[in-house]
Each structure stands twice: as structure tokens, then as C-alpha cells.
Amino acid sequence: MTTGTLTDLQLAVMKALWEVGDGTVSDVLSAMAKDGRALAPTTVATLLQRLSKQGWVEHRRHGRQLVYRALVSQKEAARGVLHRVVSSFFGGRVSALTAQLLESEELSPEELEEMRRLLEEKGA
């Protein structure tokens, strides 16, 4: 079970770990560098240790290095964030979130069609 919400830096580390799968600090650094994020190895190691304590990742020793693995999938993490947003800002109403998205975002015709299709699949 995870505790707390992810900070922006923790989320960047998690995204890198989701990309590489099981990985060392060096692997996470390389994945983050592809996205234009340059952090010190000690910073990434500290973030991974905190994520481990919070239940987001686990680690095992492989020789002298620690290999980290995400315990929470990207989909599960996104679901948790969305749940908090819907609860905190929209009174628990997904329809209010949807209305806000439709009002404030420029949606392409393809995105609108995808939303219609998803609603039809849900039986709406």
C-alpha cells in the first residue's frame, strides 16, 4: 500500500522506472535524461529510497547495486490521482470533471469521437 501523493520529481522517477522496468539508479538516470531531466545520482537514489519507504517501489540487491522495481503500475497511479482530483475539486462527480475538460481544453474531432465511443461502451 502506498502512502502519500507523488511530488513532481517522484513522478518523473516513477515514469522513468515504468519505462525501464527493473532498473538501477543509473538506468533511471538514463531514462530521465531522454526526457531532458538531468539530476545527480544521489538525488535519484534518495528519491528511490523515499519511494521505497512509501510503498511505490521495492528494491533488491544485485551485486553492489540496488535494483528497483515499481510496485504500482502507471495506470494504478493515474487512477489514484484522478480519484483525488475528482474528490477534491469536483465533489466526487466525474461528470463535473468531464464538463471542465470539455470547456477548458481544445479537443480535436478525433478526441471527441473517442470520448463518444467510450461513453457508448459504458452504456451512457
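Only the coordinates and a few stated rules stand behind these numbers; no lab work does. Since this is a predicted model, take the numbers as computed values, not measurements. Positions of Cβ are generated from backbone atoms using ideal geometry, with glycine treated the same way; all protein chains shown enter the neighbour counts.
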Point to revise | Relative contact order for the chain, counting Cα pairs under 8 Å that sit 6 or more residues apart, in percent | key: 21 percent
**Study point:** Contour minus Cα-Cα distance for K34 and R50 (0.36 nm per residue)
**Key:** 3.5 nm
**Study point:** Euclidean distance of C-alpha centroids, the stretch 82-124 and the stretch 1-17, integer Å
**Key:** 24 Å
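Hey, got the dipole for the chain? About the Cα centre, +1 on K and R Cβ, -1 on D and E Cβ, debye to the nearest 20? List each step's numbers first, then the result.
Details: 16 positive and 16 negative charges, 184 e Å.
So the dipole magnitude of the chain works out to roughly 880 debye.
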Exercise for review: Treat the chain as a sphere of radius equal to its Kirkwood radius over Cα pairs and apply Stokes-Einstein at 10 °C in a medium of 1.306 mPa s; give the translational diffusion coefficient in µm²/s, rounded to a whole number.
Suggested key: 95 µm²/s
Review point. For the pair A99 and E113, how long in nm is the line joining their label points, each one 7 Å along Cα→Cβ?
Key: 2.8 nm
